[in-house]
Amino acid sequence: MFNVINPIRLFVLSLIFAQTVGAQTVGAQTTITILDNEGQPVRNAVLSVKSDKRILVPDQIAIMDQIDVEFVPRVLVVQKGQLVSFPNSDDIRHSVYSFSKPKTFELKLYKGNQANPIPFDERGLVILGCNIHDSMIGYIYVADKELAYKTDEKGQVIIELGNSKTVKVWHERSTQGVNRRVEYSIDPANESFSLTLDLFPHEDVFSSYDDSIDHSSHSNYSGFGKKF
């Protein structure tokens, strides 16, 4: 003898099942690992992906500090329109500047928290330097209408891909150039996967790009270029 299921009850059950499945996929997170040519994890790479959601400009002021004559963090990711503060935690004075097209500015010699926060209102890559210490180089990645994540020491990010089938990856040592991103086709259904990024060696990163570029001023770097 067969039990007869009420059609209305069956319809309600099917709706509950569909909502349950949907709840598992909406906001699902994917782990992406960036590896170099030798299979080693790449830290400080930035992955970006378009989002169907509206991305708000954070109210929080981002921090690019100066510690032990280095920019900390070396790579800072912000959203277009976000404010960035440049505290100087060293006992010596620094003079922060950038000639990059998305944000040209200069902070004269200062210590502590004397410099006011600066808005970064154009997308692209802003390369930082110090007029006093040539070895100081930092990067501010200004994202616009996209999700952007920086890889950790394991070369990983946890990202919400949604229905996106491509991601773009930036790294200062990319063989494509410091102002270019590399695009990858991906399957958003995968919970985790790795991508290989061709990188120049650590040594003398800037000279590997183009000997004709005046690296002392960074004036030839203009955001992410046409391919952005």
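With the condition being at pLDDT 95 or above and open to solvent by less than 40 Å² (accessible area, probe 1.4 Å), I'd like the strands (runs of 3 or more DSSP E) fully within segment 163-212 carrying at least 3 qualifying residues. Steps first, answer last, please.
Numbers: elements: 166-170, 182-185, 192-196.
Because the criterion is at least 3 residues that are at pLDDT 95 or above and open to solvent by less than 40 Å² (accessible area, probe 1.4 Å), the strands (runs of 3 or more DSSP E) in segment 163-212 that meet it are 166-170.
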From the options D65, D59, residue that is closer than 27 Å to I159 by Cβ, surrounded by 14 or more Cβ atoms within 10 Å (Cβ to Cβ) and charged (D, E, K, R): D65
Pair list, Cβ under 7 Å, 6 or more apart: segment 43-65 residue within 15 Å of S85 (Cα to Cα) and in a strand (DSSP E or B), other residue polar (S, T, N, Q) and open to solvent by 40 Å² or more (accessible area, probe 1.4 Å): D65/S89
Failed criterion for L83 (all others in (1) assigned to a strand (DSSP E or B); (2) open to solvent by less than 30 Å² (accessible area, probe 1.4 Å) hold): (2)
Test: residue in segment 27-34 that is of a type outside the set (G, A, S), at pLDDT below 95 and part of a loop (DSSP other than H, G, I, E, B): yes
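Look through D90, D152, D134 and report the one residue that is open to solvent by 30 Å² or more (accessible area, probe 1.4 Å) and farther than 30 Å from G39 by Cβ.
Going through D90, D152, D134 in turn, just one is open to solvent by 30 Å² or more (accessible area, probe 1.4 Å) and farther than 30 Å from G39 by Cβ: D134.
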Criterion violated by I159 - all others in (1) surrounded by 16 or more Cβ atoms within 10 Å (Cβ to Cβ); (2) farther than 20 Å from K80 by Cβ; (3) β-branched (V, I, T) satisfied: (2)
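The values are calculated or read from the model by the stated rules, or taken from the named source; none is laboratory data. Here the structure is a predicted model, which is why all the values come from computation and not from measurement. A quick note on method: Cβ atoms are made from the backbone with ideal geometry, for glycine too, and the neighbour counts reach across all protein chains shown. Side chains included, ligands, DNA and RNA excluded: accessible areas come from the protein's heavy atoms. Shrake-Rupley method; radii C 1.70, N 1.55, O 1.52, S 1.80 Å.
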